[in-house]
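Please read the structure below before turning to the comments.
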Amino acid sequence: MANSPPERLGLRERKKKDAMARMQTAVRDLMGERGYDAATTKEIAAGADVGEANLFRYFPF
């Protein structure tokens, strides 16, 4: 198996990775601007352009 091609992700996995990256960016930005205690899940979801319920699927609190 010399130099086998990289495995390609399906559409669902690519969307999951994209959503996760957007959520992480939104969390970093909001917490950097306002601090941990002032950031809400609603604001994080809006900043990541996902539904608030998705936050709890990716990050069960």
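Per-structure values
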| item | result |
| --- | --- |
| Verdict on MET20 being of a type outside the set (Val, Ile, Thr) and touching a residue at least 12 places away in the same chain (Cβ under 8 Å) | yes |
| Cβ-Cβ under 9 Å pairs, at least 6 apart or on other chains, segment 35-57 side without any contact (Cβ under 8 Å) to a residue 24 or more places away in the chain and at negative phi, far side surrounded by fewer than 14 Cβ atoms within 10 Å (Cβ to Cβ) and among the small types (Gly, Ala, Ser) | ALA45/GLY51; ALA45/ALA53 |
| Members of segment 33-61 that are charged (D, E, K, R), in contact with a helix residue (DSSP H, G or I) (Cβ under 9 Å, 6 or more places away or on another chain) and more than 15 Å from LYS17 (Cα to Cα) | ARG34, LYS42, GLU43, GLU52 |
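Where a number appears in this text, it was derived from the coordinates with a stated rule and is not lab data. No experiment lies behind these values; they were computed from the predicted model shown. A quick note on method: Cβ atoms are made from the backbone with ideal geometry, for glycine too, and the neighbour counts reach across all protein chains shown.
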